[in-house]
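K.L.:
Before I ask anything, let me first share the structure, which is written out below as structure tokens.
The values are calculated or read from the model by the stated rules, or taken from the named source; none is laboratory data. All of these numbers come straight from a predicted model, not from anything done at the bench. FYI the Cβ positions are ideal-geometry reconstructions off the backbone, even for glycines, and counts take in every protein chain you see.
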Amino acid sequence: MKRYLQASVLIMALIGIFLTLGSLIASFGAWKNYYQFPLFIAMIVAFTVVLIICLVRFRFSFKKIGFYLCHVGLCITVIFSFVSWIFLKDSTFSIPIDPNTYYREVAQEDGSVLDFGFQISLAAFDVETYLPTYCLYDESGEMTPEHVLIETVSQNRKGMYDMGKYGTVAADQLQASYGYAAVYKVEGVGLLVKQEEADKNYYAELHIQDGEEHTVTLSVNKPYTYRGWKFYLMGYDEAHGQYVDLYVKKDPANIPLAIGIWMTLVGTFVECFHLFERKGAEQ
């Protein structure tokens with residue numbers, strides 16, 4: 001039993017060194033397939049095998065439940081990481097905003113085709129922006145850095161644009177039928193010039209045709225999962241607003257990986273708690 005534990009510690013140290021070197025290499029873009037190197041895969045496999053042997057030979061005790069949770073969770077995480085690596089299907093693609101155009105498959109960079117098994121279309125798209133900010137220029141009419149009085153004038157909670165010693169302007173005064181005015185003249189002070197509005201969030205209405213039609217709303221950091229496929233809203237055509245960027249993946253290892261990670265975390269916490277408990281009893 002002891003030699004297996006020693007072997008696992010040694011292999012873990014080698015994996016740690018390999019991962020550290022990999023991070024350095026990857027940061028310089030020197031070797032994209034570094035983690036597919038056969039030696040690294042062999043070390044991961046060997047580490048997993050040694051862990052399993054230790055678990056089988058270790059005499060079970062509820063007092064060691066933390067040990068079991070940690071090591072079983074680690075085994076599950078490693079095994080299903082390989083499953084994910086082998087069976088993961090994913091792609092990033094652009095889709096036009098057109099409710100009448102449906103897509104069942106998308107082309108990938110390597111020339112292969114990813115088939116969803118159902119059809120999708122993008123019916124609508126909307127962008128939510130933050131309240132606009134303005135830059136205050138003097139009365140010269142020149143919009144250069146030399147003529148800036150206040151670089152950023154923001155709207156406060158009272159609906160006012162506070163320009164400090166230059167006074168205030170109500171947000172209602174800056175609004176026109178088409179939205180906030182691009183330029184607003186402040187009598188006796190200068191010009192308020194609207195800055196580029198920053199995106200706060202954006203939403204896409206995704207239609208799924210699969211015998212019957214499903215309509216869901218995608219937003220940033222709020223993907224939607226259907227038949228194992230998870231759709232993420234990534235970006236959009238900021239210049240013309242004609243298409244949206246989506247990322248889609250299907251990973252059969254998602255749930256087992258989450259279980260393995262949580263088992264490892266809980267087991268580590270339990271073992272640390274018992275360690276502190278034993279030290280306290282010795283004192």
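K.L.:
Identify, please: which residue in region 162-210 is of a type in the set (Val, Ile, Thr) and free of Cβ contacts under 8 Å to residues at least 40 places away in the same chain and is, among those, nearest to Ala124 (Cα to Cα)?
P.N.:
Out of the qualifying residues, it is Val183.
K.L.:
Does region 115-128 include one or more residues that are of a type in the set (Ser, Thr, Tyr) and touching a residue at least 24 places away in the same chain (Cβ under 8 Å)?
P.N.:
The answer is yes; a qualifying residue exists.
K.L.:
Mind telling me which of the residues Ala176, Ala253, Ala170 ends up being under 35 Å from the mean Cα position of the chain (by Cα) and hydrophobic (A, V, I, L, M, F, W, C)?
P.N.:
Testing whether each residue is under 35 Å from the mean Cα position of the chain (by Cα) and hydrophobic (A, V, I, L, M, F, W, C) leaves just Ala253.
K.L.:
Determine whether Lys222 is under 30 Å from Val83 (Cα atoms), buried (at least 16 other Cβ atoms within 10 Å of the Cβ) and basic (Lys, Arg).
P.N.:
So Lys222 fails the test.
K.L.:
Would you check which residues across region 78-106 are touching a strand residue (DSSP E or B) at 6+ places or on another chain (Cβ under 7 Å) and either free of Cβ contacts under 8 Å to residues at least 12 places away in the same chain or closer than 30 Å to Leu174 by Cβ (or both) and list them?
P.N.:
Result: Ile97, Glu105.
K.L.:
Oh, and also: Going through region 144-177 one residue at a time, which ones are surrounded by 11 or more Cβ atoms within 10 Å (Cβ to Cβ) and β-branched (Val, Ile, Thr)?
P.N.:
Hits for region 144-177 are Val148, Ile150, Val153, Thr168, Val169.
K.L.:
Would you check which residues across region 197-216 are in contact with a Phe, Trp or Tyr (Cβ under 8 Å, 6 or more places away or on another chain) and outside any strand (DSSP E or B) and list them?
P.N.:
Within region 197-216, Glu197, Ala198 qualify.
K.L.:
Kindly indicate whether any position in region 178-194 is surrounded by 12 or more Cβ atoms within 10 Å (Cβ to Cβ) and of a type in the set (Asp, Glu).
P.N.:
Checking region 178-194: not a single residue is surrounded by 12 or more Cβ atoms within 10 Å (Cβ to Cβ) and of a type in the set (Asp, Glu).
K.L.:
Which of the residues belonging to region 93-106 are modelled with pLDDT of 90 or more and touching a Phe, Trp or Tyr at 6+ places or on another chain (Cβ under 7 Å)?
P.N.:
Ser94, Ile95, Pro96, Ile97, Arg104, Glu105
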